[in-house]
Amino acid sequence: MIFPLSTDRQLRRTPWVNISFITINALIFLFQANTAHLDLQWAEALLLDPVEPRLFQFISYQFLHGSWQHILFNMLFLYVFGNSLEDRLGRLGYLFFYLAGGIVAGLGHVLTSEAPVLGASGSVSAVTGAFLALFPRSHVTLVYWFIIIGQLTVPSMWLILFSIAQDLIFATLNMGGNVAYLAHLSGNLFGFVVGMGLLATRVLPREPYDFLALVNRWRQRRQMKAMTREGGSPWVRDAGKAVAAEAGPLNAKSQQIAQRRREVAQALAEHQPELALDAYERLSQLDTQQVMPRQQQLDLANYAMTHERHHTAARAYEAFAEQFASDEYTPQVLLILGLIYVRYLKIPDRARPFLEQAVKRIDDPARREMAQEMLEQTQRPLP
């Protein structure tokens, strides 16, 4: 058994609306348990009946549950993911979003099934779909209970995508049983589309690590790789774009640069290398001349190399070698640059000047010999 416990996103305010939803669901379930022994006869009119649906049922069904396990898992997921979503959307926005997510999930069920449905699962699925759009780089602490009890932390994106894939497989194989998988999927889709729409239209202020930002950086990395393969430098902007950039207010650009540098430093301080690398790539796109303090710049370069982000590693090492030319570590950086351009990026011409310097400056015989061998490789004609 595995269930979520918390996320690593810090809240700015108390999520009173989400707490109210959880409380209302719990009180209604306790009323069910103490008055009807869970036979739900008194609540049949409040279930969402696909055969003869009534408008109020699209709201009422969201607050009914059929068992302790049903409400426990729904409320646990709602607590873990809903708090952050309310914090981002605001109380009124979250109130309407949650109810709308349940309505859309109910419509998905009505269109695909004739069995009555109850539960907050559709609304919670909408919450997790929006969470995926707004906070894909956050992490979730899970508690597992098999033979032993323990905790582990996983990216929230993995957990949510795994849940969606599971619902999709079960729905495709018609393994529904008593679970309204298509209601879950309808809620997920609604939440994700609404979240992405709010980001794209900037109704919600953009954040560095939302899903749209991930897509943009993925596209930028593809462009950088393509430019490098063609022999150009991904770090030199197009001249027309450079002129347009210079025409803007200098103060605004300086503020953006300062913000990007803070993001890099904060991610490094929190030991989140991938976030730090993402922030560094955005900083470099904004201003190719930006260099972080010595240790931070070196950490960025080493992180990029470790995570096989070789274009970013090359940029970071080059900036380090230029800014800290007399540093004791620079000869090794020159060797690493030669290695990256020869073995990973397959651009031997760009490796040659770094290797030539490395041969002259490296004291260690073994490393100097390695640099010399790679340098000779760059001087051989291509087959």
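Figures for the structure shown
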item	result
Residue list for the stretch 6-26, filter: among the hydrophobic types (A, V, I, L, M, F, W, C) and at pLDDT 90 or above	Trp16, Val17, Ile19, Phe21, Ile22, Ile24, Ala26
Residue match in the stretch 319-331 (condition: over 21 Å from Arg368 (Cα atoms) and open to solvent by 30 Å² or more (accessible area, probe 1.4 Å))	yes
Test for Ser6: is it under 26 Å from Leu107 (Cβ atoms), open to solvent by less than 70 Å² (accessible area, probe 1.4 Å) and among the hydroxyl-bearing types (Ser, Thr, Tyr)	no
Qualifying positions in the stretch 146-174 - over 19 Å from Ala133 (Cβ atoms) and β-branched (Val, Ile, Thr)	Ile147, Ile148, Ile149, Thr153, Ile169, Thr172
Sole residue being modelled with pLDDT under 90 and open to solvent by less than 60 Å² (accessible area, probe 1.4 Å), chosen from Ile347, Ile336	Ile347
Failed item, numbered, when Gly101 is tested on (1) open to solvent by less than 10 Å² (accessible area, probe 1.4 Å); (2) free of Cβ contacts under 8 Å to residues at least 60 places away in the same chain; (3) in a helix (DSSP H, G or I)	(2)
Within the stretch 284-298, tally of residues that are open to solvent by less than 20 Å² (accessible area, probe 1.4 Å) and modelled with pLDDT of 90 or more	3
Output for the stretch 104-154, where each listed residue is assigned to a helix (DSSP H, G or I), of a type in the set (Val, Ile, Thr) and over 28 Å from the mean Cα position of the chain (by Cα)	Val110
Number of the exception - Ser233 against (1) of a type in the set (Ser, Thr, Tyr); (2) at pLDDT 75 or above; (3) open to solvent by 30 Å² or more (accessible area, probe 1.4 Å)	(2)
Unmet criterion (only one of (1) in contact (Cβ under 8 Å) with a residue 24 or more places away in the chain; (2) in contact with a helix residue (DSSP H, G or I) (Cβ under 6 Å, 6 or more places away or on another chain); (3) part of a helix (DSSP H, G or I); (4) not β-branched (Val, Ile, Thr)) for Leu204	(3)
Residue match in the stretch 139-146 (condition: open to solvent by 90 Å² or more (accessible area, probe 1.4 Å) and in contact (Cβ under 8 Å) with a residue 60 or more places away in the chain)	yes
Residue within the stretch 122-136 that is open to solvent by 20 Å² or more (accessible area, probe 1.4 Å) and either touching a helix residue (DSSP H, G or I) at 6+ places or on another chain (Cβ under 8 Å) or without any contact (Cβ under 8 Å) to a residue 60 or more places away in the chain (or both) present	no
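Let's see how each residue does on (1) assigned to a loop (DSSP other than H, G, I, E, B); (2) among the polar types (S, T, N, Q):
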{"residue": "Arg315", "(1), (2)": "no, no"}
{"residue": "Glu318", "(1), (2)": "no, no"}
{"residue": "Glu322", "(1), (2)": "no, no"}
{"residue": "Ser326", "(1), (2)": "yes, yes"}
{"residue": "Lys346", "(1), (2)": "yes, no"}
{"residue": "Met370", "(1), (2)": "no, no"}
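The values are calculated or read from the model by the stated rules, or taken from the named source; none is laboratory data. Only a predicted model underlies this, so the values are computations on that prediction, with no experimental measurement involved. Because the Cβ atoms are built from the backbone with ideal geometry, glycine has one as well, and the counts that use them run over all protein chains shown. Ligands, DNA and RNA are excluded from the accessible area calculation, which covers all protein heavy atoms including side chains. Shrake-Rupley method; radii C 1.70, N 1.55, O 1.52, S 1.80 Å.
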